[in-house]
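Quick note: the coordinates plus some simple rules give every number you see, no bench work behind them. All of these numbers come straight from a predicted model, not from anything done at the bench. Note: ideal-geometry Cβ built from the backbone for every residue, glycine included; neighbour counts use all protein chains shown.
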Amino acid sequence: MAASKKSVAQAADNSSKNPSPPAFTREQDLHALRDMLLIRRFEEKAGQLYGMGAIGGFCHLYIGQEAIVVGMQMAIGEGDQVITGYRDHGHMLACGMDARGVMAELTGRRGGYSKGKGGSMHMFSKEKNFYGGHGIVGAQVSLGTGLAFANRYRGNDRVSLAYFGDGAANQGQVYESFNMAELWKLPVVYIIENNRYAMGTSVTRSSAQTDFSRRGASFNIPGEQIDGMDVRAVKAAGDKAVKWCRDGNGPYILEMQTYRYRGHSMSDPAKYRTREEVDRVRHDQDPIEQVRNRLLAAKVSEDDLKKIDAEVREIVNAAADFAQNDPEPDVSELYTDVYR
């Protein structure tokens, strides 16, 4: 992949310069609605199972942020790779991983993607080009950069997507990765999912530079702020960023401005924000309702939309049944797949 001579100035550098996102076709909106509903219903069910004690350990839900992974998956091509942190269930489902295998991993069952030994934060599917699920804050950024290095070294045209949050954006290894990626023009899109709170700490209390799209400026990496609650805006930005990387211009940063409706994890009561704040975002910006309203305006019937939701709920309920009835790993498997 030959490096291009394009300058950073040729890339858009903030959301104020972005036009309104291109309209989706009816088929694109239906696709986006179905995938976002699958993620939301899955996460709602995971929350229920956690409350019942069927899921142990850590569990970080993606409710509210669905438009990001769905829009970005619509922007990438076959063979492109995805890596993320611990809030990862939505990314797996968007990549096409089976809901039964994901849910079974949450409940620690043999049919899970990591054979019941990885749990919520540690799943992987080479077949679906999903490289984890990582529990160490920010560690996936370096690994995503490594995927891009491997692609460049092998001379293919694949692009890697490295997702991380506003909290992880303050990790030192992120900037080491930025430097290497720009120096060697590696094809990686850095996607900062800014959901406004790193655990319970707001962005304004933890970050001197709250415009995360500018975090790569000293390395000459272009960046944009995107409405991460609008799947159309996400896809449009993803199309541009992926093309930039695939054309050999080096890395690109997308700050997705989003919001998580639940606490940082299932053990977080989220007392650092008000119920009114959450309700306001749900009412004004919910990514699923935006698509649903567009489809209704396009004369898709309420019954058709209810049918999609019912089909998704059936998939999720079947996944939950499987995850509660599949056998647990046998004790003899304790050291299987562990390097000794």
Counting only GluC sites (Glu not before Pro) that sit in a DSSP loop (anything but H, G, I, E, B) with at most 15 other Cβ atoms within 10 Å, what is the longest stretch of the chain containing none of them?
128-340
Cα centre as origin, Lys/Arg/Asp/Glu Cβ charges: the stretch 273-316 dipole, Debye
80
Out of the trypsin sites (Lys or Arg not before Pro) in the stretch 257-328, which ones are loop residues according to DSSP with at most 16 other C-beta atoms within 10 Å?
K271, R273, K299
Relative contact order computed over the chain (Cα-Cα under 8 Å; 6+ residues apart), in percent:
25
Stokes-Einstein D for the stretch 83-237 (4 °C, 1.567 mPa s, Kirkwood Rh from Cα pairs), in µm²/s, comes to 79
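Run the helix sum for the chain: -39,500 (n - 2.57) per DSSP H stretch of 4+ residues, divided by residue count, reported at 222 nm to the nearest 500 deg cm²/dmol.
Details: 11 runs with 142 residues, N = 340.
Calculated from helices alone, the mean residue ellipticity at 222 nm is -13000 deg cm²/dmol.
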Length gained, S265-H283, 0.36 nm per residue minus C-alpha separation, equals 4.2 nm
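Using 0.36 nm per residue of separation minus the Cα-Cα distance, give me the extension gain between K126 and Y339 in nm, one decimal. Mind dumping the intermediate values first?
Details: separation 213, 0.36 × 213 = 76.68 nm, distance 1.90 nm.
Going from the current span to full extension adds 74.8 nm.
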Can you find, among L161, I226, N151, the residue sitting farthest towards the positive end of the charge dipole of the stretch 23-322, where Lys and Arg contribute +1 and Asp and Glu -1 at Cβ?
N151
Which of I308, A319, V291 sits closest to the plus end of the dipole of the stretch 257-340, meaning its Cα is farthest towards the positive end, when Lys and Arg get +1 and Asp and Glu get -1 on the C-beta?
V291
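Using a ≥ b ≥ c from the Cα gyration tensor of the stretch 267-340 (square roots of the eigenvalues), is it rounded, prolate or oblate, where a/c under 1.5 gives rounded and otherwise the larger of a/b and b/c decides, a/b for prolate?
Values: a/c = 3.39, a/b = 1.62, b/c = 2.09.
Oblate, because a/c is 1.5 or more while a/b does not exceed b/c.
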Name the residue from Q73, G238, Y261 whose Cα lies farthest towards the positive end of the charge dipole of the chain, charges +1 on Cβ of Lys and Arg and -1 on Cβ of Asp and Glu.
G238
S218 to E176: extension gain in nm, 0.36 nm per residue of separation minus the Cα-Cα distance?
13.9 nm
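Let me spell out the model: positive unit charges on the Cβ of Lys and Arg, negative unit charges on the Cβ of Asp and Glu, origin at the Cα centre of the stretch 23-322. What dipole size does that give, in debye rounded to 20? Could you put the intermediate results ahead of the total?
On the way: 39 positive and 38 negative charges, 110 e Å.
Value, rounded to 20: 520 debye.
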Just how far, in whole angstrom, is the stretch 201-272 from the stretch 64-91 if you go by their alpha carbon centroids?
13
Express as a percent, rounded to the nearest 5, the fraction of DSSP beta bridges in the chain (both residues included) that run antiparallel.
10
